[in-house]
Amino acid sequence: MWGGRFDRGPAEIMEKINASIDFDRKLYAQDIAGSKAHAGMLVATGILTRADGDQIQAGLDAVKAEIEEGRFVFRKDREDIHLNIEARLAELIGPAAGRLHTARSRNDQVATDFRLWVRDALDGLIGQTTGLVAALLAQADAHTEVVMPGFTHLQVAQPITFGHHLMAYVAMLERDIGRLRDARARMNECPLGAAALAGTSFPIDRHMTAASLGFDGPTANSLDSVSSRDFALEYLAAASILGVHLSRLAEEIVIWTSAQFRFVSLTDAFTTGSSIMPQKRNPDAAELARAKVGRVIGALNTLLIVMKGLPLAYAKDMQEDKEPTFDAAEAIELVVAAMAGMIADLKPNEAVLKAAAGTGFSTATDLADWLVRALNMPFREAHHVTGRIVKLAEGKGIDLDALSLAEMQAVEPRITDAVFGVLSVDNSVASRVSFGGTAPSGVRTQIAAARGRLGL
């Protein structure tokens, strides 16, 4: 390609480190779409003849067909997807192919291709995550009244409902969808026409190419156009946060399916067995989802490190932007799909959940609240009285509602038998009617609101 400047070819190791065709071939569809848009603009502005433009368009269609049918030969000596396609185009249509690169550089070409690819990845991930939310909403809707323990520090804290617990993840994932949508809106500008870094002297129409590729408009600064990868960083950041949320959910599924908890069960579709222990049912899908998130976070770290010290404008370091992004996209898409499948598959063990909800003196806060309401006791005093009653029950090895009225009155004489109305887990969850609370009525309101926001 640069034989006019160089006397001989690169060293073998230089060719190996320089070539990117083994991974950037993923960009073939975006590269061809960008070239078709560029060629159309060159014809419209009179830079190319209609005859050359028609040849280029037909040739690019033929190249795309060859790639998709598996007939295209990718050559490492042609370095990247851009030169592989351009060289094959020249073989098909002759000298007209050489005019396609007028008024552009591989710098703005790859920036455009990569933006198009990331935009497609964002669209796919938004759709997938919305599907996962739909699965969570369906399970939450079916289990708005199923009582379970809520935890802090992985210790039983207060009774909640299973539907409420799942709606916490719906809230997280809605924010994730918002971040993904924000990233898509922010990156939807077209670098094509920035050329190498300074723009071009040809009378191109960057607004035309931007519109034909579905961008909101062209990027504003040619230097920034070719040297920025923050669109990929933002995609990876949003995907990493989404992954953290999914990893937390996967961790809970691992815990919940254990013999020690038995809160939920998964079918054969999302579990595996052991090669030596015939009784085992392992939640491998959840474990792998939890682990694969590390690849997404690692990709974000990789690209941050690649970009952090680069002067303007383009540097070859940026060739290292694609592999981690491609790998992260594959990983997060697989994790979302696996989580959606598991959520639809899991079945809560309602009896175990309810029994666990009553352990650990989980209604102690309800007792303290009752003391405040019924006896006009300051909350700090009520907290102290409740602590003494909990200590009494703990010493006897019984739950709060198993204490007699006389035993509680020995701690606080003004307590009446009305207190027993707040000590059951069912009454506890039903009383939590504050906005966003765990009461079944409130959970149903949350579900309806989420469906409305997402159009589900």
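Below 11 angstrom from the Cβ of residue 53, what's the summed charge of the other residues (Lys, Arg +1; Asp, Glu -1)? Once positives and negatives cancel, what remains is +1.
Relative contact order for segment 232-361 using alpha-carbon pairs under 8 Å, separation at least 6, rounded to a whole percent?
Values: 142 pairs, mean separation 44.3, N = 130.
In percent, rounded to a whole number, it is 34.
Using Cα pairs closer than 8 Å and at least 6 residues apart in sequence, work out the relative contact order for segment 308-456, in percent. That works out to 17 percent.
Listed by chain and number, the lysines placed with their C-alpha closer than 26 angstrom to that of residue 76 are 16, 26, 36, 64, 316, 322; residues fewer than eight positions away on the same chain are left out. If you average the C-alpha positions of segment 342-397 and of segment 111-141 separately, how far apart do those two centres end up, in angstrom? So the two Cα centres are separated by 40 Å. Other residues within the sphere of radius under 13 Å centred on the Cβ of residue 198, judged by their own Cβ, net out at -1 (K and R +1, D and E -1). Determine the share of the chain's accessible area contributed by carbon and sulfur atoms, expressed in whole percent, with a 1.4 angstrom probe. Taking all protein chains in place, the chain shows 54 percent carbon and sulfur surface. Against the main long axis of the alpha-carbon atoms of the chain, helix 28-44 sits at an angle near 50°.
What angle do you read, to the nearest 10 degrees and between 0 and 90, between the alpha-carbon axis of helix 440-454 and the longest principal axis of the chain? Between helix and principal axis, roughly 10 degrees. Sort segment 14-102 into rounded, prolate or oblate with this rule: let a ≥ b ≥ c be the square roots of the eigenvalues of the Cα gyration tensor; rounded if a/c is under 1.5, and if a/c is not under 1.5, prolate when a/b is larger than b/c, oblate otherwise. Taking the square roots of the gyration eigenvalues as a ≥ b ≥ c, segment 14-102 is prolate.
Helical runs assigned H by DSSP (4 residues or longer) give the chain a calculated mean residue ellipticity at 222 nm of -20000 deg cm²/dmol, each run adding -39500 (n - 2.57) before division by the residue total. Straight Cα distances below 19 angstrom link residue 347 to the aspartates and glutamates 141, 145, 251, 252, 268, 284, 287, with same-chain residues fewer than 8 positions distant left out. To the nearest 10 degrees, how steeply does helix 284-307 sit against the main Cα axis of the chain, on a 0 to 90 scale? Value to nearest ten degrees: 50.
Which residue, chosen from 282, 305, 209, occupies the Cα position most advanced towards the positive end of the dipole of segment 205-345, where the dipole is computed from +1 (Lys, Arg) and -1 (Asp, Glu) charges on Cβ about the Cα centre? Toward the positive end, the furthest listed residue is 282.
With K and R counted +1 and D and E -1, the other residues having a Cβ less than 12 Å from that of residue 65 yield a net charge of -1. Residues in segment 343-354 carry Karplus couplings, in order, of 4, 5, 7, 5, 10, x, 8, 4, 5, 5, 4, 5 Hz; the curve used is 6.51 cos²θ - 1.76 cosθ + 1.60 with θ = phi - 60°, and Gly or Pro positions show x. Simple spin-label estimate for residue 196 and residue 334 gives 4.1 nm between the two label positions (7 Å along the Cα-to-Cβ direction from each Cα).
Enter the accessible area per residue of segment 38-108 (Å², integer; probe 1.4 Å; all protein chains in place). Before the final figure, lay out the partial values.
Numbers: 3050 Å² over 71 residues.
Solvent-accessible surface per residue comes out at 43 Å².
Calculate, for segment 360-423, the solvent-accessible area per residue in square angstrom, rolling a 1.4 angstrom probe over the heavy atoms of the protein chains. Walk me through the numbers on the way to the answer.
On the way: 3390 Å² over 64 residues.
Accessible surface, normalised per residue, equals 53 Å².
Taking 30 Å as the straight-line reach from the Cα of residue 391, the lysines in range (excluding those fewer than 8 positions away in the same chain) are 354.
Surface calculation, 1.4 Å probe, protein heavy atoms: residue 83 sits at approximately 30 Å² accessible.
With a/c under 1.5 counting as rounded, go ahead and sort segment 169-297 into rounded, prolate or oblate using the C-alpha gyration tensor (a ≥ b ≥ c being the square roots of the eigenvalues; past the cut-off, prolate if a/b is larger than b/c, else oblate).
Working: a/c = 4.13, a/b = 3.33, b/c = 1.24.
Prolate is the answer for segment 169-297, as a/c is 1.5 or above and a/b outweighs b/c.
The values are calculated or read from the model by the stated rules, or taken from the named source; none is laboratory data. Nothing here was measured: the structure is a model prediction, and the numbers come from that model. In this analysis, Cβ positions are derived from the backbone assuming ideal geometry, glycine residues included, and neighbour counts consider all displayed protein chains. In case anyone asks, the SASA skips ligands and DNA or RNA and just uses the protein heavy atoms, side chains included. Shrake-Rupley method; radii C 1.70, N 1.55, O 1.52, S 1.80 Å.
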